[in-house]
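Note sheet for the following structure.
What follows draws every value from the coordinates through simple rules; no lab data is involved. Quantities reported herein were computed from a predicted structural model and do not represent experimental measurements. Positions of Cβ are backbone-derived with ideal geometry, glycine not excepted, and every protein chain shown enters the neighbour counts.
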Amino acid sequence: MMRVALFVTCLADTLFPQAAIATVRLLERLGHEVVFPEGQTCCGQMHVNTGYPGDALRLVRRHVRVFAPYDVVVAPSGSCVGSVRHQHATVARGAGDERLAGRAEDVAARTYELSEFLVDVLGVTDVGAYYPHRVTYHPTCHSLRMLRVGDRPLRLLRAVRGLDLVELPQAEQCCGFGGTFAVKNADTSTAMLADKMRHVLATRADVCTAGDASCLMHIGGGLSRLRAGVRTVHLAEILASTEAGPADAPAPTTGGTR
Amino acid sequence: MTRSFLGMPATAPPGVGHLRGTEPFPAAARRALSDAQLRRNLGHATATIRGRSAAVIGEVPDWPGLRAAGRAIKTDTMARLPELLEQLEAAVTAAGGTVHWAADAVQANRIVTDLVRATGADRVMKVKSMVTQEIGLNEALEAAGIEPVETDLAELIVQLGDDRPSHILVPAIHRNRSEIREIFLRAMPGVDRALTDEPAALAAAARRHLRQTFLSTRVAVSGANFAVAETGTLAVVESEGNGRMCLTLPETLITVMGIEKVIPTWRDLEVFLQLLPRASTGERMNPYTSMWTGVTPGDGPQAFHLVLLDNGRSAVLADPVGRQALHCIRCSACLNVCPVYERTGGHAYGSVYPGPIGAVLSPQLTGVADNASLPYASSLCGACYDACPVMIDIPSILVHLRGQAPHPRAEATAMAAAAYTMDHPALYAAAQRAVRLGRLAGRRGRGLPPPLSGWTASRDLPEPPRQTFRQWWAER
Amino acid sequence: MSAREVILGRLRAALGGPVPAPAEVARDYRGPGSAVVDLDLFVERLTDYRATVHRCADADVAGTVDAVLGGRRVVVPPGLPRHWLPDSVTAVPDDDLGVDVVAAADGVVTGAAVAVAETGTIVLDAAADQGRRLITLLPDVHVCVLRADQVVATVPDALARVGPYRPLTWISGPSATSDIELSRVEGVHGPRNLHVVLVAAESGTPVDRELEAQG
Ligand code: SF4
């Protein structure tokens, strides 16, 4: 049994708690203890990527302080783990804080994206999930190219009973989110999203999944605007789902409007 | 005359050349996005080249080793740049060439213009070169009464179409075959009116059009892909043979080269001559590569001038993070894989250097304030970093430059406030609850206030959940 | 102050600190001598890029040239082995011919310095059997005769065999462009027809190019 500190990410905490709750249920079902360090807020990626490394510094410091005591940190987000691994030490060094940079590298080395943790650390691909839907998987850019999670999520999905996995055409193309990019370059972002949605719809899947709530929010927001009838569901929710405890199927993860 | 001070790395001066656009990227991109023909041409061309490049890279068993060596050679080069340039100068001079130094575009244009004037020629032929576009050499030559003739097919299409280049390798990538045919019919003197839009027919028309120019022009201007410090050898990599014409037939050859193009040793060529063609045109080897060292009696130009250009490169070198943008070998692979470039095309970037490399190089050459929107013209998807044959970490440089960009005051205030809130968990939890309250209080469904409204214009915001995760955890 | 001093001063200021020693570059790739030559691959790669390949014995080179250029005017570099030329061609020896004369010729026959199997590339180094650069540029047909032992496996192998002593021209197929919709089209400014005559290596070859290249 392992003691796992959940790095929930600000987006999942605030807007997509079901992904985080699913992560907790999944890890507990696999026999591990999950703790939630309450001092955590945001990893600071938004600040770094928008050009505010100075403001991000206090968030990096907080993150490092909050997670330093834990042996294993797991987040249901490739993007936020990417920030911890590839940005935190840089931000600290940029501010001349070599000690913080070293501690940040330390925490980063113990921080895992969910599929990495399951496959590499726990050594499981069949997590005993059941999810009777037609699903396509979008490998988000940061999971794919920053973390190189490779086919780990697909191996996990292939082992889910009842799940009909369909390949997403041009899967490796960015969905167009990019955080601040979607705001500052909304038109280009929309053009990229349009192609991503076209490919998702071409699969005739009813669920599009990924390891990042941010990209799912983007894709799901677009699909919802089209009233496309395709839901976006976080990978953790699918893996947490069992015959006994199905995911909240009727309530879409994203894109609900009134 | 620009005033330069010893020891102060300087950015490229404004008012000359083509490193600065006239409008911010989002505005220019918006127009490009609505051009259906452009979108189609770019989508088709970039998909074609991506496929070809992937196929020939797949044939090379040691591609990762070559990339790593390319990066290592370039890193070493930048660390010793002044010494290598002095070594290059000595080797070129010993081989019968003349070396000139240009601190910026103004100086470079003057040097070239004076050299052409000294020959008495009123026309020069040009091999496609990014650096002469960067400094606006054609405009400077025309102002001096000298006619520059572009001999690369794509450059010819751009020149005849009175257009601007939109890609490093294929400046006319935004044009399809039928548009090119129309440009030729309109602007190419004596063209066969029965010209079809078959690429082979279009290429043949260019051959006929330029033949006499090649045979009768006495001065040529080229760029350089590589310059070997150890031997003084220059290399130009090309396809059509127009490069060979310009490098071989005239009496005088003037090569303008950014100072970052130097490489230390002859042997280093074995790395770049493998990386460049496969990453660039997706060929195992491009049809022609010319290498020459100074002047060869009885063969080729008997006068050779090499112009070494700074024009902002020293400022790039001064930034230890941004410096690696100088490693670029201009293959254009990062453009071809970029989802933003593929949809907006090159003109949207304003500068002659478009795409991901342009988004990091142009702001550094001019100073970030003069190209402030470019570091944001990326979703940071990382495809460029994976494709780059010399492993330039473009996403990290983009993020780094965003930190130097001037920020709108309202945004800066909001970001500072957000950081403060997020550094205080109680305030943060209250703000989380406010998200839900705010949405309940009226911004229901679709809306967010500007500038976030840009995001919600085409996407729905998710419904705020009944409970945040931390509320759920506390109650569990 | 000269522009030279300004630039070098700027660069030194940008770098700061003392000049580092040249770095040891890890060359974790196939260097010279590490791959085996595959002549069939060479032929395949040449053909793929629309060059025409002829394989024959040294004694049959003239017959092959006759088939390609018989009855035409052919520029001949000064050191070309004469037995490669059939009587059927009108030889125009290059003794500093004017550009217009070279441009008016139908073809050119040359040797080569080295060739790369993996990329289908021939390298000319302007030795006496290859001549000035312009004679292989202006005529529309280039026949290049190669001994099999001149073919090396990779680009590093080829670079190790040539040097900066004379101008080099690396040729991979006929002149081509990718400028129209990024599709490769053969035939722009350089020769539109490239014929490579690959001669099986045999002892007592008429010209020892290794020696000549050094001279
Ligand atoms: S940055 Fe890299 S991929 Fe882009 S043009 Fe330069 S060398 Fe090629």
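Values for this structure:
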read-out: Net charge dipole size for the stretch A:109-258 [Lys, Arg +1 and Asp, Glu -1 on Cβ; Debye, nearest 20]; value: 360 debye
read-out: Fewest-first ranking of B:D299, B:D76, C:D100, using other Cβ atoms within 10 Å as the exposure measure; value: C:D100, B:D299, B:D76
read-out: Amide H within-cut-off set for B:R123, under 5 Å, with H built and near neighbours excluded; value: B:E147
read-out: Euclidean distance between Cα centres, the stretch B:170-240 to the stretch A:48-102, Å; value: 51 Å
read-out: The stretch A:5-16 - phi-based ³J(HN,Hα) in whole Hz, Karplus 6.51/-1.76/1.60, Gly and Pro as x; value: 8, 7, 9, 6, 6, 5, 5, 5, 4, 7, 10, 10
read-out: Shielding by partners - mean other protein chain Cβ count within 10 Å, residues of C:105-113; value: 0
read-out: Calculated from backbone phi, Karplus (6.51, -1.76, 1.60) coupling profile of the stretch B:129-134 in Hz, x at Gly/Pro; value: 8, 5, 5, 6, 5, 3
read-out: Spacing of the two label points (7 Å from each Cα toward its C-beta) at B:S178 and B:R476, in nm; value: 6.1 nm
read-out: Computed FRET value (nearest 0.05) for B:Q302 with B:R40, which takes r as the C-beta separation and R₀ as 45 Å; value: 0.40
read-out: Listed residue (B:V92, B:M130, B:A10) projecting farthest to the positive dipole end of the stretch B:1-130, Cβ model; value: B:M130
read-out: In degrees, nearest ten, helix B:63-79 long axis to first principal axis of chain B (Cα); value: 80 degrees
read-out: Net charge dipole size for the stretch C:32-214 [Lys, Arg +1 and Asp, Glu -1 on Cβ; Debye, nearest 20]; value: 220 debye
read-out: Sequence of C:V143, B:V149, A:V84 once ranked by neighbouring C-beta atoms within 10 Å, starting from the fewest; value: B:V149, C:V143, A:V84
read-out: Net charge dipole size for chain B [Lys, Arg +1 and Asp, Glu -1 on Cβ; Debye, nearest 20]; value: 1960 debye
read-out: Per-residue HN-Hα couplings for the stretch B:291-298 [Karplus 6.51, -1.76, 1.60; θ = phi - 60°; Hz; x = Gly/Pro]; value: 10, 9, 10, x, 10, 10, x, x
read-out: Sequence-distant residues sharing a close amide H with B:I263 (under 5 Å, placed H); value: B:A227, B:V228, B:A229
read-out: Cα centroid separation, the stretch A:126-187 to the stretch B:27-82 (Å); value: 25 Å
read-out: Residues of the stretch C:172-200 with amide N under 15 Å of a point placed 7 Å along Cα→Cβ from B:E198; value: C:185-188
read-out: FRET efficiency, A:A95 to A:R134 (Cβ-Cβ, R0 45 Å, nearest 0.05); value: 0.40
read-out: Theoretical FRET efficiency, 1/(1+(r/R0)^6), r = Cβ-Cβ of A:D151 and A:V72, R0 22 Å, to 0.05; value: 0.45
read-out: Likely footprinting exposure, B:M245, A:M2, fewest C-beta neighbours within 10 Å first; value: A:M2, B:M245
read-out: Summed residue charge, Cβ within 13 Å of B:L365's Cβ, Lys/Arg positive, Asp/Glu negative; value: -3
read-out: Amide H partners (placed H, <5 Å) of A:T232, local residues excluded; value: A:C208, A:T253, A:T254
read-out: Sequence-distant lysines (8 or more away, or on other chains) whose Cα lies within less than 28 Å of B:K261; value: B:K74, B:K126, B:K128
